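Enquirer: I have a structure here, written as structure tokens, and I will follow up with some questions on it.
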Amino acid sequence: MKRKVYYDLLEWKKKSNGKTAMLIEGARRVGKSYIALEFAKNNYKNYVLINFSKVSDDVKNIFNNYLDKLDDFFLLLSSYYGVELYERETLFIFDEIQFFPRAREAIKFLVEDGRYDYLETGSLISIKKNVKDILIPSEEESIVMYPMDFEEFLWAMGRDTLMDFIREHFENRKSVGPLLHRTIMDYFNKYMIVGGMPQAVLEFSATNSFASVDKIKRSIIKLYRDDIRKHAEELNLKVEQIFDTIPAQLAKHEKRFNLATLDENARYRDYEGAFYFLEDAGIINIAYNTTEPNIGLGQRLDSNSLKCYMNDTGLLLSMTFNEREITSEEIYKKILFNKLTFNNGMIVENIVAQMLVASKNKLYFFSRNNREDSSETMEIDFLLSKSAITSMHNIIPIEVKSGKNYTYSSLNKLIGKYKDYLAQPIIIHTSDLKIENNILYLPIYMTMLL
């Protein structure tokens, strides 16, 4: 399973040359441990894998008692794991390091020693309770790993060069043509159903069975629930409430999260920690409502208005069709061929959010409701800042359309009121690329290129 983060690790090894450790963060089951192991096998003479989710007390005692005597520290670890150590040619992998924060704190001394390289992986790694009693090492770099993006999915399906073709047409603002568009959309619809969890993608590539994939996705959802119950502590009930209601919240026309569905007296400040827990764990992606489409979107937030998306759209689909323990193959095939009547707008908007986050974008939307003046009432799905800032026209408004027939009255209102702030608007849809009236109509599979 080829992953882009692998090339980031190669770049880190080359540039760092032992001066820093690398921490791979991300949700459970996105492939952190797998990619760390592949990287170690292919780029070092040997490696020591320490999984802190099931490590013995003997190993913990080595960290607790020998960090001031590093010769003995390395000798003991080498003997315990039966691995001969080679200076500058051995990689230590600290897997699931959130279970033993002392090892993370030790990175400072180990990197300063300079003999070996260090790679950490962690889920829920930055939850405050995991690091409250340690000093976070400045010698640590970090990278976030997400579910597989569409290009990685295509690689897994054996279509290694298809995204290169898509990228070329995106850069030249050219349509791909009817035949190729249908082919790409067939792959993309499969990607939406399967999702980007590596275990699910691997199963689909081997079996071509949506039902087999659904079993895996439901096991991951159960794992997330177990994590919530185990780690959320006093926030347990609120976190689980938010998690369970995500499909229902996204099924609404206005997809802003409505806390009144959980408790009619609920206030966002009461649930802030619960949203933070889920976002920090990588389980959800949050979009915040900004009050003005101008530079500094994060400085103009309506703290009582947000949207909550699942980290993986394949998982969202399994949560949505939860009447039975396993979603039947037939339902997934009807979705694949657009033969099932349901609110697929929630699925399309969720995967757009997922792709924007994987492309290192923060999520913002624009929502305003004025009962006295309808011209001031508008809802724009996403706002992005241009990468190169100029004196005007820095914000890209994005509307997501799942059907073939649609209007864009909110976009017209926004353009009329804030035209000096806005760059070329984008409508993400399921048809081919075109430009009309200075609006870029972008096929959904090109979203990851924004």
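Enquirer: Name the helices (runs of 4 or more DSSP H) wholly inside segment 1-85 in which the number of residues that are more than 23 Å from GLU112 (Cβ to Cβ) is 3 or more. If you could, list the steps in order and put the result at the bottom.
Expert: On the way: elements: 5-16, 32-43, 57-65, 70-81.
Where helices (runs of 4 or more DSSP H) fall fully within segment 1-85 and carry at least 3 residues being more than 23 Å from GLU112 (Cβ to Cβ), they are 5-16, 32-43.
Enquirer: Now, a different point. ASP270 is checked against (1) of a type outside the set (A, V, I, L, M); (2) part of a helix (DSSP H, G or I); (3) surrounded by 14 or more Cβ atoms within 10 Å (Cβ to Cβ) and fails just one. What number does that condition carry?
Expert: Unmet for ASP270, out of (1) of a type outside the set (A, V, I, L, M); (2) part of a helix (DSSP H, G or I); (3) surrounded by 14 or more Cβ atoms within 10 Å (Cβ to Cβ): (3).
Enquirer: Restricting the search to segment 138-195, which residues are part of a loop (DSSP other than H, G, I, E, B), touching a strand residue (DSSP E or B) at 6+ places or on another chain (Cβ under 7 Å) and under 25 Å from PHE337 (Cα atoms)?
Expert: Residue satisfying the conditions is SER175 alone.
Enquirer: Looking only at segment 69-78, decide whether some residue is of a type outside the set (Val, Ile, Thr), out of contact with any His (no Cβ under 6 Å at 6 or more places or on another chain) and modelled with pLDDT under 95.
Expert: No, segment 69-78 contains no residue that is of a type outside the set (Val, Ile, Thr), out of contact with any His (no Cβ under 6 Å at 6 or more places or on another chain) and modelled with pLDDT under 95.
Enquirer: Can I ask one more? How many residues are surrounded by 15 or more Cβ atoms within 10 Å (Cβ to Cβ) and either in the same structural domain as MET197 (by TED's automatic domain parsing) or not hydrophobic (A, V, I, L, M, F, W, C) (or both) if we restrict to segment 6-19? Show your work before the answer.
Expert: Here is the first cut: in segment 6-19, the residues surrounded by 15 or more Cβ atoms within 10 Å (Cβ to Cβ) are 6, 8-9, 12-13, 16, 18.
If we keep only those that are either in the same structural domain as MET197 (by TED's automatic domain parsing) or not hydrophobic (A, V, I, L, M, F, W, C) (or both) too, we end up with 6, 8, 13, 16, 18.
Qualifying residue count for the region: 5.
Enquirer: Which of the strands (runs of 3 or more DSSP E) contained wholly in segment 386-450 include at least 1 residues that are touching a helix residue (DSSP H, G or I) at 6+ places or on another chain (Cβ under 9 Å) and either of a type in the set (Val, Ile, Thr) or at positive phi (or both)?
Expert: On the way: elements: 395-400, 426-429, 434-436, 439-443.
Fully inside segment 386-450 and qualifying: 395-400, 426-429, 439-443.
Enquirer: A further question on this structure: In the same structural domain as GLU279 (by TED's automatic domain parsing), of a type in the set (D, E, K, R), crowded, with 16+ Cβ neighbours inside 10 Å and closer than 23 Å to LEU306 by Cβ: which single residue out of GLU376, GLU399 fits that description?
Expert: Sole residue among the options that is in the same structural domain as GLU279 (by TED's automatic domain parsing), of a type in the set (D, E, K, R), crowded, with 16+ Cβ neighbours inside 10 Å and closer than 23 Å to LEU306 by Cβ: GLU399.
Enquirer: Sticking with this one: Quick check on LYS362: is it closer than 25 Å to ILE286 by Cβ, of a type in the set (Lys, Arg), touching a residue at least 12 places away in the same chain (Cβ under 8 Å) and not in a strand (DSSP E or B)?
Expert: yes
Enquirer: Could I ask something else about it? Closer than 20 Å to MET163 by Cβ, modelled with pLDDT of 95 or more and either of a type outside the set (Ser, Thr, Tyr) or in a strand (DSSP E or B) (or both), is that true of LEU383? Break it down stepwise before answering.
Expert: Numbers: closer than 20 Å to MET163 by Cβ: no; modelled with pLDDT of 95 or more: yes; either of a type outside the set (Ser, Thr, Tyr) or in a strand (DSSP E or B) (or both): yes.
It is false that LEU383 is closer than 20 Å to MET163 by Cβ, modelled with pLDDT of 95 or more and either of a type outside the set (Ser, Thr, Tyr) or in a strand (DSSP E or B) (or both).
Enquirer: Another one. Could you say whether any residue in segment 53-64 is more than 30 Å from PRO147 (Cβ to Cβ), at pLDDT 95 or above and among the aliphatic types (A, V, I, L, M)?
Expert: yes
Enquirer: Ok, one more. Taking only segment 253-273 into account, find how many residues are of a type outside the set (Asp, Glu), within 20 Å of ALA353 (Cα to Cα) and touching a residue at least 24 places away in the same chain (Cβ under 8 Å).
Expert: Within segment 253-273, the first condition is being of a type outside the set (Asp, Glu), and the residues that meet it are 253, 255-262, 265-269, 271, 273.
Going one step further and asking which of them are within 20 Å of ALA353 (Cα to Cα), we end up with 253, 255-258.
Checking the rest, the ones that are also touching a residue at least 24 places away in the same chain (Cβ under 8 Å) come to 255-257.
The number of residues fulfilling the criteria is 3.
Enquirer: Tell me the residue from TYR418, TYR441 that is in contact (Cβ under 8 Å) with a residue 24 or more places away in the chain and either buried (at least 17 other Cβ atoms within 10 Å of the Cβ) or in the same structural domain as GLU171 (by TED's automatic domain parsing) (or both), please.
Expert: TYR418
Enquirer: Let me ask you something else. Could you please find all residues in segment 233-252 being outside any helix (DSSP H, G or I) and either polar (S, T, N, Q) or without any contact (Cβ under 8 Å) to a residue 60 or more places away in the chain (or both)?
Expert: Hit for segment 233-252 is LYS252, nothing else.
The values are calculated or read from the model by the stated rules, or taken from the named source; none is laboratory data. Predicted model, so just to flag it, every value in this text is computed and none were measured. Every residue, glycine among them, receives a Cβ derived from its backbone with ideal geometry; neighbour counts consider all protein chains shown.
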